[in-house]
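All remarks here apply to the structure that follows.
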2 protein chains.
Amino acid sequence: MSKKFKSMTFEIDKAIEILERTPLAIETLLKGISEEWLKNNEGENTWSPYTIVGHLIHGEKTDWIPRAKIMLSDAQNKTFEPFDRFAQMRENQDKSIDELLAEFKDLRSQNLQELKSLQINNSKLSSKGVHPELGEVSLEELLSTWVVHDLGHISQITRVMAKQYKNEVGAWKAYLGILKK
Amino acid sequence: MSKKFKSMTFEIDKAIEILERTPLAIETLLKGISEEWLKNNEGENTWSPYTIVGHLIHGEKTDWIPRAKIMLSDAQNKTFEPFDRFAQMRENQDKSIDELLAEFKDLRSQNLQELKSLQINNSKLSSKGVHPELGEVSLEELLSTWVVHDLGHISQITRVMAKQYKNEVGAWKAYLGILKK
C-alpha cells in the first residue's frame, strides 16, 4: 500500500508474458456475450468492444512485427508506413465476434513465433526506425508500446462495457471512478 | 462509429454474463505472470493487481450477496454494514496469487448460485436497502454496481500493468492515453 512507485525495465520475456495473454483475456471477456455488450460504445465517434478487436487485428497485420523487421533490416530508409487507426471501420464489418477473436488469436500466435525467431537481445533492442510523426524510435520502445497498447485496449473494452450501466447504478455512481473516465 | 450513445437497461441475465466472466478474465491475465507485473502499483497509496484480487474477494464475502439478502429480507432495519475497502491489506498478505484467484473463483461461483436461487424478478429488483453513506438504494442498483465494479477493477488491473512501461515507450507515450489516467 505505501510502496513507492518503481516502474519496470523492459525485458523481452516479461513483455511476451502480456502479449501472449491478451487474445485469451479478450476472448474470455467477449466470447458468447450478448450483442449489446459487444456493439454498444461510449458515445458518438467512440469504439465498441467489437471495433477494438478489429483494431487489434489490423495492428497484428500492419504495425508491430512489420515495423520491428524494418528496424532490424539493412534498409536505407527505415521510415514506417503510417498506421491506419480506422481500417477496422472498413474491414471486418460482416464478421462475427467469434471469427474476429479467432483471427486475432491466430495472428498474435504467428507474430509471437516470429518475434521469438528474431532472437531479440540487448544490442538488437537499440535498433532504430523512423516513425512518420514521432521521429526516431527504438525497437525496445516499439515492443514496450505493443504491450501498453494491448493493456490499454483491454482497459478500454471493460470501461466501454462498464458505461453501459452508468444510468443503472443510481447513487453508487459517486464511488465508481470508471464511469467518469 | 457514428452510432449515438444508448446505454443498456439492467437485465439479470446480461448482468450475470459479466459476473461469471470476471474471475476467468482476471485469472487469464494474472496466472503464472512475473511477480513485478503482479505486485507493482501506480505509486504511493495505490493498488497492485495482487491487492485488487484481495479486494474482490472481500467484496464476495461481505458486500454483494449479503446486501442483496438484507434488501430481500423482512428486517425492519435494512441499513448495510459499511464495506471495508482496505480489508485486503490485513488479510491475504501471505497467500499466493494462485490461491487468491482460486478463492475468488470459488466465492463468485457460490455467490452466482445464490443469486440465481433468489429468483430475481422485476418486483424484487425494486426492493430497497439503506447504504450507510448514500441512503436508499435499490436491488437493481446494487446488482448493476456489482457489474460495474467488476469491470472497473479489470480496467484498473490493466492500467496498473500498462504504467509499468511508462518510461519504456519513449515518444509513443503521446499516443497512449492509458498512461495519462
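Here's the yes/no breakdown for (1) at pLDDT below 95; (2) farther than 24 Å from B:Phe10 by Cα; (3) aliphatic (A, V, I, L, M):
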| residue | (1), (2), (3) |
| --- | --- |
| B:Ala87 | yes, yes, yes |
| B:Glu99 | no, yes, no |
| B:Ala102 | no, yes, yes |
| B:Gln113 | no, no, no |
| B:Lys124 | no, no, no |
| B:Lys128 | no, no, no |
| B:Lys173 | no, yes, no |
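Taking A:Phe83 and the conditions (1) buried (at least 20 other Cβ atoms within 10 Å of the Cβ); (2) over 30 Å from B:Glu35 (Cα atoms); (3) of a type in the set (Phe, Trp, Tyr), which numbered condition does it fall short on, given that it satisfies the others?
(1)
Restricting attention to the stretch A:125-181, and to residues there that are of a type in the set (Ser, Thr, Tyr) and more than 7 Å from every other protein chain (Cβ to nearest Cβ), which single residue is farthest from A:Phe83 (Cα to Cα)?
A:Tyr175
Inside the stretch B:86-111, can you point out the residues that are of a type in the set (S, T, N, Q) and either open to solvent by less than 30 Å² (accessible area, probe 1.4 Å) or more than 30 Å from B:Lys128 (Cα to Cα) (or both)?
Hits for the stretch B:86-111 are B:Gln88, B:Asn92, B:Gln93, B:Ser96, B:Asn111.
Quick test of your reading of the structure: A:Arg67 fulfils all but one of (1) modelled with pLDDT under 95; (2) in contact with a strand residue (DSSP E or B) (Cβ under 7 Å, 6 or more places away or on another chain). Name the failing condition by number.
Among (1) modelled with pLDDT under 95; (2) in contact with a strand residue (DSSP E or B) (Cβ under 7 Å, 6 or more places away or on another chain), A:Arg67 violates only (1).
May I ask you to list the residues in the stretch A:12-45 that are over 19 Å from B:Gln164 (Cα atoms), more than 9 Å from chain B (Cβ to nearest Cβ) and surrounded by 17 or more Cβ atoms within 10 Å (Cβ to Cβ)?
A:Pro23, A:Leu38
Given the criteria touching a residue at least 60 places away in the same chain (Cβ under 8 Å) and either open to solvent by less than 50 Å² (accessible area, probe 1.4 Å) or at positive phi (or both), does B:Pro66 qualify?
It is false that B:Pro66 is touching a residue at least 60 places away in the same chain (Cβ under 8 Å) and either open to solvent by less than 50 Å² (accessible area, probe 1.4 Å) or at positive phi (or both).
State all residues of the stretch B:125-174 that are open to solvent by 10 Å² or more (accessible area, probe 1.4 Å) and of a type in the set (Val, Ile, Thr); if no residue qualifies, say none.
Within the stretch B:125-174, just B:Val130 meets the criteria.
The values are calculated or read from the model by the stated rules, or taken from the named source; none is laboratory data. Keep in mind that this is a model prediction, so the values were computed, not measured. Neighbour counts are summed over all protein chains in view; Cβ atoms, including those assigned to glycine, are modelled from backbone coordinates with ideal geometry. The protein model used for the area step is the full one, side chains on, heavy atoms only, and it has no ligands, DNA or RNA in it. Shrake-Rupley method; radii C 1.70, N 1.55, O 1.52, S 1.80 Å.
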